[in-house]
Amino acid sequence: MEEEARGPAGDLWSPAGRPGPICSCPSSPLLGQVQGVPLIASSYHAGALGLVLGHPFDTVKVRLQTQTTYRGIFDCVVKTYRHESLLGFFKGMSFPIASIAVVNSVLFGVYSNTLLALTATSHRERRAQPPSYAHVFLAGCTGGFMQVYCLAPFDLIKVRLQNQTEPRARPGSPPPRYRGPVHCAVSICQEEGPRGLFRGAWALMLRDTPTLGIYFVTYEWLCRQSTPEGQSPSSASVLVAGGFAGILSWAVATPLDVIKSRMQMAGLKHRVYRGVLDCMASSVRQEGLGVFFRGLTINSARAFPVNAVIFLSYEYLLRWWG
Ligand SMILES: C[N+](C)(C)CCCC[C@H](N)C(=O)O
């Protein structure tokens, strides 16, 4: 009985383990059997918190990537604030918040369960028997591939709303193209067909599948570097590893992120790209190779805190319930 409560690695579950890495609550033997319950709950908290924190940065990034009117981050921030007030930075946030429960539970759920299938070890057992990086990469790629189907329509609506630069309704001023997320979804279906909701999904899949593999490998590697063998990482290690995993994976993802956002906006501008390669070629032709790095700085600034929080919540809640 005593042995069971301790957990295999003498980690945070063990009274004899290193004091308090993240939490020191006992595990529930019942919930411990049900991977899905803690995963869904932890994914929601992780995602929502990270999302609110990072949304203003995300709006500036999307605008820099898809509009040519801004001279840089500062110019974009000043113009957005002057024209649209603070609320301008939070445009398009409601749908991602509503959908993050599904999107993140697919990502973290598929990741964790793929790892479970590949290594036959549970989250807790993994500290004593760490999975190989090849397995972590494969599980991350699988999670990334699967989440694209849920993420694509919500991401498209987010990008379209973030790009509306009209100030809040003033008497006499023309209303924005979309009145809100639901109106945006309905209008896209009517004007571009239901498939219009998946515009840019191919680029999103190419962006997320390999980079989520990199994301989880970086996180695992950094945690292992800063944690004695067999122990759970401390909160500080989780924050730093999560933050750098976010920065590195976003750095690699930026070129396809630019292309994805441009393809998502293309339907609205009645601009037709024949595909990902066509969009790449025409962007480079018009704006040079630098186009692939648009939004890199602001995205890195966003990625550290957002992903530090995401991983801390994920680990914390998994351990609480797991
Ligand atoms: C793999 N890629 C870099 C695309 C995303 C990885 C981080 C995902 C996180 N939800 C965030 O919004 O930062």
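Remarks
- Every residue from the range 235-254 that is farther than 30 Å from residue 152 by Cβ, among the hydroxyl-bearing types (Ser, Thr, Tyr) and either buried (at least 18 other Cβ atoms within 10 Å of the Cβ) or under 17 Å from the mean Cα position of the chain (by Cα) (or both): 237
- Residue in the range 90-130 that is nearest to residue 77 (Cα to Cα), counting only those that are in a loop (DSSP other than H, G, I, E, B) and among the small types (Gly, Ala, Ser): 92
- Residues of the range 120-143 classified as away from the ligand (no atom under 16 Å from the Cβ), in contact with a helix residue (DSSP H, G or I) (Cβ under 6 Å, 6 or more places away or on another chain) and β-branched (Val, Ile, Thr), total: 0
- Summed over the range 233-276, the residues that are more than 9 Å from the ligand (Cβ to nearest atom), under 26 Å from residue 198 (Cα atoms), touching a residue at least 12 places away in the same chain (Cβ under 8 Å) and in a helix (DSSP H, G or I) give a count of 13.
- Of all the residues in the range 212-232, those that are near the ligand (Cβ under 9 Å from one of its atoms) and either over 14 Å from the mean Cα position of the chain (by Cα) or surrounded by fewer than 23 Cβ atoms within 10 Å (Cβ to Cβ) (or both) number 1.
- Test: residue in the range 144-156 that is under 16 Å from the mean Cα position of the chain (by Cα), more than 16 Å from the ligand (Cβ to nearest atom) and either in a helix (DSSP H, G or I) or surrounded by 22 or more Cβ atoms within 10 Å (Cβ to Cβ) (or both): yes
- Which listed residue is within 12 Å of the ligand (Cβ to nearest atom) and either hydrophobic (A, V, I, L, M, F, W, C) or surrounded by fewer than 22 Cβ atoms within 10 Å (Cβ to Cβ) (or both), from 52, 60, 110: 52
- Only one of the numbered conditions (1) within 16 Å of the ligand (Cβ to nearest atom); (2) at negative phi is not met by residue 295, and that is (2).
- Residue check for residue 313: at pLDDT below 90 and of a type in the set (S, T, N, Q): yes
- The one condition in (1) farther than 30 Å from residue 188 by Cβ; (2) surrounded by 23 or more Cβ atoms within 10 Å (Cβ to Cβ); (3) touching a helix residue (DSSP H, G or I) at 6+ places or on another chain (Cβ under 7 Å) that residue 264 fails to fulfil: (1)
- Listed conditions (1) in a helix (DSSP H, G or I); (2) away from the ligand (no atom under 16 Å from the Cβ) are all met by residue 203, apart from (2).
- Where residue 70 falls short, out of the listed (1) touching a residue at least 24 places away in the same chain (Cβ under 8 Å); (2) aromatic (Phe, Trp, Tyr); (3) within 23 Å of residue 259 (Cβ to Cβ): (1)
The values are calculated or read from the model by the stated rules, or taken from the named source; none is laboratory data. Please read all numbers here as calculations on a predicted model, not as lab measurements. All Cβ positions, even for glycine, are placed from backbone atoms using ideal geometry, and neighbour counts span all protein chains on display.
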